[in-house]
Amino acid sequence: MKKVVLAYSGGLDTSVAVAWLREQGYDVVAVAVDVGQPGDLHEAIVRAEQLGAVDARLVDARERYASSFVLPALQANALYQGRYPLVSALSRPLISEILIEVAKETGATAVAHGCTGKGNDQVRFEVSLSALAPEIEVLAPVRDWGMNRDETISYAQERDLPVVTTRKSPYSIDENLWGRSIECGVLEDPWNSPPEDIYELTSSPGDAPEPVDVEIGFDKGIPVSIDGEALGLLNAVESLGKIAGSYGFGRIDMIEDRLVGIKSREVYEAPAALALIAAHQDLENMTLERSVAREKRRLEATWTQLVYEGLWFSPLRTAIDRFIESTSEAVTGDVRVRFAGGSCLPVGRRSPNALYDHGLATYDHEDSFRHSDAEGFIRLWGLPAVQWSKVQGSSGTQGV
Ligand code: ARG
């Protein structure tokens, strides 16, 4: 019997996929990967067995996700189109790694994911899976079977499959510890405001309590404490997410350019991600030499696009990560951020590696900057422009 390892979430599609793959003649190993999404995965695993999986496993990958995927994304200040912190894009390569590990362990010759044909996730899975194990076949049952949601439900009912008939949410949700995405339903009209009841991680900004300051400590680019209390990365993300969410901070409503060419309307909540990136970037501005910081901002955009577009397992991503590993050495210190209704703004920063020098910056009597240096510097700095102007006249400079 052929064996397939299925990325199983416990939702309708991947539940039906267990039965569907069996009908195609596969032994199905269902793997649910915990990347910090809500819901009872233990119960989902029991159901996978009832659906006929020969083996069903729950893999708690939260620590691995935090340290090997979320942390590099934070250190890259990764925001696709300047806004979206790559929530779903980050979890796919990790889930792919785990599928391949289980396939090798169980002797499966195929792996399967439950993505449809319109999104980015199918690309991320298939590129990652093939890059990790080109010899293993990749199946996309949900893309192949061509059933819509109602047909999928009928398929399950006809076979009496134990699928969860959750309250019929019109939304498509994906969540992990870096944030939550909400698509479909009324959101498909980009003119509609997102209804308040789609949000789970953030309260309404209008209901926020009095503003509060929170101190985030970083050690070499890793968040290590909140308000002086030492925390592991996973706990730091969780606890900051709760605070930020309670202030209604972290909501994103955007038109997104998908890899497959479609423009889509996407709503996200990523309170921890956006707060940590704001603080991390602020501390970088305090500790990185300016040309390093500028080059890093350029490479960050490349890194983010690579990961969004499914190329986590690529030599360019690895090479940029080596660069960021090097720049992160200096990023130690504290940032004080202020949460108020819907906002999170850095309002203080300090670092043993601060390149900010009060003597150089101040306008008061402690000023140690040699003002007389400026005159000659400016003459040389502007020399090429001034020379051009002398020869071409000022109209040449203005391009008229
Ligand atoms: N548009 C986002 C992305 O491409 C979110 C995708 C959500 N995935 C899902 N299966 N609902 O990263």
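Values quoted throughout were computed directly from the atomic coordinates according to the rules given, and no laboratory measurement underlies them. Computed from a predicted structure; not experimentally measured. Heads up, the Cβs are rebuilt from the backbone with ideal geometry, glycines too, and the neighbour counts pull from every protein chain shown.
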Problem - Neighbour cut-off at most 16 other Cβ (10 Å), DSSP loop, trypsin sites (Lys or Arg not before Pro), the stretch 33-76 - result: none
Exercise for the section: Towards the positive end of the charge dipole of the chain, with charges on Cβ (+1 Lys, Arg; -1 Asp, Glu), say which of Gly206, Ile255, Ser193 has the farthest Cα. Expected result: Ile255
Exercise for the section: Could you list the chymotrypsin sites (Phe, Trp or Tyr not before Pro) in the stretch 291-400 that lie in coil according to DSSP, counting only those with at most 10 other Cβ atoms within 10 Å of their Cβ? Expected result: Tyr363
Problem - Reachable aspartates and glutamates, given that their alpha-carbon falls under 20 Å from the alpha-carbon of Lys2 and they are not under 8 places away in the same chain - result: Glu23, Asp27, Glu49, Asp55, Glu101, Glu105, Glu126, Glu135, Glu137, Asp144
Fill in the blank from the handout: Over all pairs of different Cα atoms in the stretch 338-391, the reciprocal of the mean inverse distance gives a Kirkwood radius in Å of 15.4 Å
Fill in the blank from the handout: Amide H neighbours of Lys3 at under 5 Å, excluding residues fewer than 5 places away on the same chain, with H built from the backbone geometry, are Asp27, Thr109, Ala110
Handout entry: Radius of gyration and maximum dimension Dmax of the stretch 177-316, Cα, Å
Key = 17.1, 47
Exercise for the section: Return, ordered by residue number, the residues of the stretch 301-343 whose backbone nitrogen is under 19 Å from a label point located 7 Å along Cα→Cβ of Ala131. Expected result: 301-325
Handout entry: Test item: Cα-centred dipole of the chain, Lys/Arg +1 and Asp/Glu -1 on Cβ, debye
Key = 1080 debye
Practice task
Just the Kirkwood number for the chain, please: inverse of mean 1/r across all distinct Cα pairs, in Å, one decimal.
Solution key: 23.7 Å
Practice task
Calculate the dipole size of the stretch 78-235 relative to its Cα centre from +1 charges on Lys and Arg beta carbons and -1 charges on Asp and Glu beta carbons; express the result in debye to the nearest 20.
Solution key: 500 debye
Exercise for the section: Determine the alpha carbon to alpha carbon distance for each of Lys104/Lys242; Lys263/Lys296; Lys242/Lys296 and list only those over 32 Å. Expected result: Lys104/Lys242
Practice task
For the stretch 256-400, calculate the relative contact order in percent as a whole number, restricting contacts to Cα pairs under 8 Å that are 6 or more residues apart.
Solution key: 21 percent
Handout entry: Separation in nanometres of the label points that stand 7 Å from Cα toward Cβ, at Val260 and Glu196
Key = 3.5 nm
Completion exercise
Under the rule rounded for a/c under 1.5, else prolate if a/b exceeds b/c, else oblate, using alpha carbon gyration tensor axes a ≥ b ≥ c, the stretch 148-227 is classed as prolate
Completion exercise
Output ordering of 113-125, 223-235 (per-residue mean of other Cβ within 10 Å, highest first) is 113-125, 223-235
Handout entry: Separation of the Gln305 and Asp40 label points, Cα + 7 Å toward Cβ, nm
Key = 4.6 nm
Practice task
Output ³J(HN,Hα) for the stretch 256-271: one whole-Hz value per residue in order, computed from phi by the Karplus curve 6.51 cos²θ - 1.76 cosθ + 1.60 with θ = phi - 60°, and x for Gly and Pro.
Solution key: 10, 8, 6, 4, 7, x, 7, 8, 10, 9, 10, 10, 10, 10, 9, x
Handout entry: Compactness of the stretch 29-111 as Cα Rg over 2.2 N^0.38 Å, two decimals
Key = 1.25
Exercise for the section: Please give the contour-minus-distance gain from His371 to Arg298: 0.36 nm per residue of separation, less the Cα-Cα distance, rounded to one decimal in nm. Expected result: 23.0 nm
